[in-house]
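Worksheet for the structure shown next.
Since every read-out is calculated from the coordinates, none of them should be taken as a lab result. Every value quoted in this text rests on a predicted model; they were computed, and no experiment measured them. Glycine gets a Cβ as well: all are built from the backbone with ideal geometry, and neighbour counts include every protein chain shown.
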Amino acid sequence: MPLIIDNLSKHITLTPQEQELFLSKTEIRQYKAKTILLNAGEVCKTSYFVNSGVLRSFNINDNIVEHVLSFACTGWWISDMYSLLSQKPENLFIQVLEDAEVVLLSKENQEMLYQEIPKLERFFRILTENSLVAHQERLMDNLSLTAEERFEKFCNKHHDLIQKVPQKQIASYLGVTPEFFSKMKSKMLRK
């Protein structure tokens, strides 16, 4: 069974015919590391499901500093939610960090699938709610935890990403400079 169907089955049950219809509306693509799937200023028309590899979403501020919003590894979804839902341009990039196989679901096909398989609306509502909760938790962590505590939490929650993602991108995700991150990590390893 495809990984994406396993992912759907965490929240809904599709009949074999519904699975076939769903899969017929997706597209599987292979991407090399460093490929940009979405550029800032574009309208996001796709949700991405990672079969293998690692992706990230980020923006670049006026001082040309990258700010990592999220990572997605095998079994995760990623998109620019604001742009996808509003169909307006946003300032996020989505980039492949590690060679990846990705399932693409266009906004158009997703909307069509809602009509054909209404329980998919429930699945994507749950996904959106989980994303909202995760982003709220991250915001609260950034406001109330030290950098060391945020890193410990990141390691516990995303231990599979530690070896796959460059340290400077983890630093950006945590909201610290690469230099501070390196010193903090060394200090923590000595403990």
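Taking semi-axes √(5λ) of the Cα gyration tensor in Å as calculated from this structure, the corresponding entry among (i) 46, 22, 14; (ii) 31, 18, 16; (iii) 36, 18, 14 is (ii). Result for the chain in a Gaussian network model with C-alpha springs under 10 Å: among Ile94, Ile64, Ile78, the largest mean-square fluctuation is at Ile64.
Model label points for Met140 and Ile28, set 7 angstrom from Cα along the Cα-to-Cβ axis, are 3.9 nm apart.
For the stretch 1-61, the set of trypsin sites (Lys or Arg not before Pro) satisfying both a DSSP loop assignment and a count of at most 11 other C-beta atoms within 10 Å is given as Lys10, Lys32, Lys34. I'd like the orientation of helix 107-116 relative to the chain: the angle between its Cα long axis and the longest Cα principal axis, in ° from 0 to 90, rounded to 10. Once rounded, the angle reads 50 degrees. With contacts defined as alpha carbon pairs under 8 Å and 6 or more residues apart, what's the relative contact order of the chain in percent? Contact order relative to length: 24 percent.
By the helix-only formula, in which each DSSP H run with n ≥ 4 contributes -39500 (n - 2.57) and the sum is divided by residues, the chain has a 222 nm mean residue ellipticity of -14000 deg cm²/dmol. Within the stretch 145-167, what residues put their amide N at less than 14 Å from the label point 7 Å along the Cα-to-Cβ vector of Lys183? Under 14 Å, as judged by backbone N against the label point of Lys183, lie 147-148 of the stretch 145-167. In plain terms, the chain from Met112 to Ile12 could stretch by 34.2 nm, reckoned as 0.36 nm per residue minus the Cα-Cα distance. Which one of Leu38, Leu139, Leu161 has the biggest mean-square fluctuation once the chain is modelled by GNM with Cα springs under 10 Å? Ranking Leu38, Leu139, Leu161 by mean-square fluctuation puts Leu139 first. The number of Lys pairs in the stretch 3-115 with C-alpha atoms less than 21 Å apart, excluding pairs fewer than 8 positions apart on the same chain, is 8.
Between the helical axis of 178-190 and the dominant principal axis of the chain, each derived from Cα atoms, what acute angle in degrees is found, rounded to the nearest 10? The angle comes out near 80 degrees. Any chance you could give the angle, 0 to 90 degrees and rounded to 10, that helix 147-157 forms with the longest Cα principal axis of the chain? The answer is roughly 40 degrees.
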